């Protein structure tokens, strides 16, 4: 049955109002051959407060091989354990270089095995936009996306049964009703294969489209949040600066561009009563230029620290 926005609204009204305590995921920029990643582990004294506020450290799996020797990766994973921060990977599921789920998994598995061999635990993986890839990059049908994503998840479940699996998809390039159809079709196929379904659903919102193209809205994102919660899928939202590339092209971007953008997204989603189960502060736009220290203006860790304090762990309001 085709879902409409009216159906989304009805689901939203029927779903719970509150979720469990949210988690915070942090994924710094991979610019300059992983410079920011290294800085975080070489200068831990410069982000002590931020570390207390995050639950999960996020890294793309291809960066593990690209950036870190075995010795470096072993040290990084040991420090995360010491800090009680979980380690998660952003991964492919369907890509131009891996057009089937099985092929993609087989190409990625050596990097995952390496993490475990060097003493790490993979807490979760987030699949990088398999539906989007099929629609816009390899020109395959949604049914193909469902089939091959389910095959990929089955491979992960069989070989890494304790790892949580989530999907990332973009909005508004994929409309909200299509997100819902996708989730339901994928869950149905996984159930047919007797494979456990998604553990979370993550949305990458290009919110510049709301004003630049009058396409999409935070109200619709909130509908998807409520739908996911009704299905008991933790709702995950990426906070980032979609205006950064355009402002950089115009010569207007600097570190404040990143900081003000994620704070603005925090305000805008909060004003429609949006409260994700996972707050994911992640940069892939080669900004901000500095990751440390957390006490300096507009660094990446400062943005994470200030964002979490304001929107995830706000101070109680003092009544007059």
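Couple of notes before you dig in:
- Selection within region 123-142 - in contact (Cβ under 8 Å) with a residue 12 or more places away in the chain and at positive phi: 129
- Residues in region 175-187 that are over 17 Å from residue 231 (Cα atoms) and in contact with a strand residue (DSSP E or B) (Cβ under 9 Å, 6 or more places away or on another chain): none.
- Scanning region 270-281 for residues that are more than 21 Å from residue 57 (Cβ to Cβ) and either modelled with pLDDT under 95 or crowded, with 22+ Cβ neighbours inside 10 Å (or both) gives no hits.
- Residue check for residue 7: surrounded by 12 or more Cβ atoms within 10 Å (Cβ to Cβ) and either in a loop (DSSP other than H, G, I, E, B) or modelled with pLDDT under 95 (or both): yes
- Matching residues, region 54-94, being over 18 Å from residue 115 (Cα atoms) and touching a strand residue (DSSP E or B) at 6+ places or on another chain (Cβ under 6 Å): 54, 55, 93
- Residue within region 169-187 that is more than 22 Å from residue 278 (Cα to Cα) and without any contact (Cβ under 8 Å) to a residue 40 or more places away in the chain present: no
- The conditions of being touching a strand residue (DSSP E or B) at 6+ places or on another chain (Cβ under 7 Å), surrounded by fewer than 23 Cβ atoms within 10 Å (Cβ to Cβ) and touching a residue at least 24 places away in the same chain (Cβ under 8 Å) are not met by residue 159.
Residue-by-condition table, conditions (1) assigned to a loop (DSSP other than H, G, I, E, B); (2) surrounded by fewer than 20 Cβ atoms within 10 Å (Cβ to Cβ); (3) under 20 Å from the mean Cα position of the chain (by Cα); (4) modelled with pLDDT of 95 or more:
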position: 194; (1), (2), (3), (4): yes, yes, no, yes
position: 211; (1), (2), (3), (4): no, yes, no, no
position: 215; (1), (2), (3), (4): yes, yes, no, yes
position: 219; (1), (2), (3), (4): no, yes, yes, yes
position: 225; (1), (2), (3), (4): no, no, yes, yes
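- Of all residues making up region 239-282, the number that are in contact with a strand residue (DSSP E or B) (Cβ under 7 Å, 6 or more places away or on another chain) and either within 16 Å of residue 36 (Cβ to Cβ) or in a strand (DSSP E or B) (or both): 8
- Against the test of being surrounded by fewer than 22 Cβ atoms within 10 Å (Cβ to Cβ), under 21 Å from the mean Cα position of the chain (by Cα) and either free of Cβ contacts under 8 Å to residues at least 60 places away in the same chain or within 26 Å of residue 88 (Cα to Cα) (or both), the options 258, 240, 284 yield a single qualifying residue, 284.
The values are calculated or read from the model by the stated rules, or taken from the named source; none is laboratory data. Quick caveat, the model's predicted, so the values are computed rather than measured. Using ideal geometry, Cβ is built from the backbone for each residue, glycine included, and neighbour counts are taken over all protein chains shown.
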